Every structure is written in structure tokens, then in C-alpha cells.
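A short write-up of the structure that comes next.
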Amino acid sequence: VSKDAVIMVSGPQVFIRRVTLPPIPQEALEAALPFEAAKYVPFPIEQAALDYVIMGEKEEEGVKKLDILLVATPKEAVEQEISIARAAGLRPVALSVAPMALWNAFQLSEIEAEEKMVALLDIGYKRTTISFFNKGVLEFTRTINLGGNDITESLRIVSLIETEDGKRTLTYEEAEAIKL
């Protein structure tokens, strides 16, 4: 049994943006990306783990530019996920971000989506992530702090049921059953 594991970071502390930069040599690109990432992250860029993928070229106002998928997250979040994996006896061999892991899982389905725009919605307990893929390429992703628990609580509060003693709100378990 292999102990190798691909681990994932997710949540609102992961910033994924498509950016365009002029075509520049690799060393200059790697030096420029921290400055570009600093525009999007609310924490010091020195505390960020950064990665990127050049998606290709894009023409903007008649000028060819590099189309880059830029990812930034606090180094602390990465270290925490690695620590959890190791504590579970696993050997982390790669790191991914939630939208890409979700896309990889989606591709295992029987649905043909390579030539379409696909929206994937990941509703967790506390957060929801929506990701748009155009022909298999991540175009946009955002995480909001509303999740399945918020839906259950809303159902519980607004739903009244009749009892012998009058009306009452649903229990959490009743609301959860309706949601499911």
C-alpha cells in the first residue's frame, strides 16, 4: 500500500487569479510574480507560498501577453496540511488547490465537458467554492463563507410545523433531513 499522497489546500486563504504579463524571460517572470500576487493577497507576500502555470498567450489591445494562472496561499496553511498528512502516516508528494482537485475528480465522471463551459460548485459545511472551467481551463474561482450549515440553519429558523401545543421551529436534524 502506497503512502504517497497528493494534498490539497482550500478555503478563502487560497487566492487563484488569471493574470497577464508581457512576455519576459523565465527568471524575470519569477521575480515579477510576487509583485503581481501582492495585488491580490491580504497578507505580506513574504508569508505566501506562490506557484503559477503559464496557460498560453493572450492578445490584449493588439499586444501578445502571457496568460498565467497564479496561486498564492499562506505558507502556514501549506505547512499545516503537510503536517496533518505526515501525522496520518502519509508522504506528501504533491500539493493542489481545491478547484483543480475538484476538476480532476469531475473528469472521472462520464460527462463530456472538455469542449464546454462547466461550473463546479463545492458546498462545504462552512464555505462554498464556485469554479468556472472553459474547455478544461480554470477561468474563475471564488470561495464564499456560506455553506451547508447555513442552509440547514435557515430552514430550521424559517420553517414552522404544527404541533398539539401550537407551532414550533424545526430541530436541526429535521431541517438537515429536508435539506438533504
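Assorted remarks:
- Of the residues T169, T152, T128, the one that moves most in a GNM of the chain with alpha-carbon contacts below 10 Å is T169.
- The portion of the accessible surface of segment 25-180 made up by carbon and sulfur, rounded to a whole percent, is 55 (1.4 Å probe; DNA, RNA and ligands excluded).
- With contacts taken as Cα pairs under 8 Å and at least 6 residues apart, segment 32-106 reaches a relative contact order of 23 percent.
- Charge tally around F140: other residues with Cβ under 10 Å, Lys/Arg +1 each, Asp/Glu -1 each, net +2.
- Distance between the modelled labels on V53 and Y40, one decimal in nanometres: 1.3 nm (7 Å Cα→Cβ projection).
- Percentage relative contact order, the chain, counting C-alpha pairs under 8 Å, at least six apart: 21
- Net charge of the neighbourhood of N149, taken over other residues with C-beta under 12 Å away and scored Lys/Arg +1, Asp/Glu -1, is +1.
- Amide H to amide H distances under 5 Å link L146 with T128, where only residues 5 or more positions off or on other chains count and H is placed in the peptide plane.
- Eigen-decomposition of the gyration tensor built on the alpha-carbon atoms of segment 57-180 gives equivalent ellipsoid semi-axes of 38, 22, 15 angstrom, largest listed first.
- L121-V63 FRET efficiency (beta carbon distance; Förster radius 41 Å; 0.05 resolution): 0.70
- Once the Cα-Cα distance is subtracted from the 0.36 nm per residue extended length, the L160 to L180 segment shows a gain of 5.4 nm.
- Rolling a 1.4 Å probe over the heavy atoms of the protein chains gives the chain an accessible area of 65 Å² per residue.
- Straight-distance crosslink candidates among lysines, where the alpha carbon sits under 30 Å from K135 and sequence neighbours closer than 8 are dropped: K39, K58, K64, K65, K116, K126
- Using a cutoff of 8 angstrom between alpha carbon atoms and counting only pairs six or more residues apart, the relative contact order for segment 111-160 works out to 31 percent.
- The helix-only estimate of mean residue ellipticity at 222 nm for the chain, built from DSSP H runs of length n ≥ 4 each weighted as -39500 (n - 2.57), is -9000 deg cm²/dmol after division by the residue total.
- Loop-resident GluC sites (Glu not before Pro) (DSSP state other than H, G, I, E or B) in segment 12-71 with no more than 14 further Cβ atoms inside 10 Å of their Cβ: E61.
- Applying 0.36 nm per residue to the separation of I130 and T171 and subtracting their alpha-carbon distance, the gain on full extension is 11.8 nm.
The values are calculated or read from the model by the stated rules, or taken from the named source; none is laboratory data. Given the structure is predicted, the values throughout are model-derived calculations rather than measurements. Counting neighbours? That spans all protein chains shown, and the Cβs are built from the backbone with ideal geometry, glycine included. Just the protein is used for accessible areas: all its heavy atoms, side chains included, with ligands, DNA and RNA removed. Shrake-Rupley method; radii C 1.70, N 1.55, O 1.52, S 1.80 Å.
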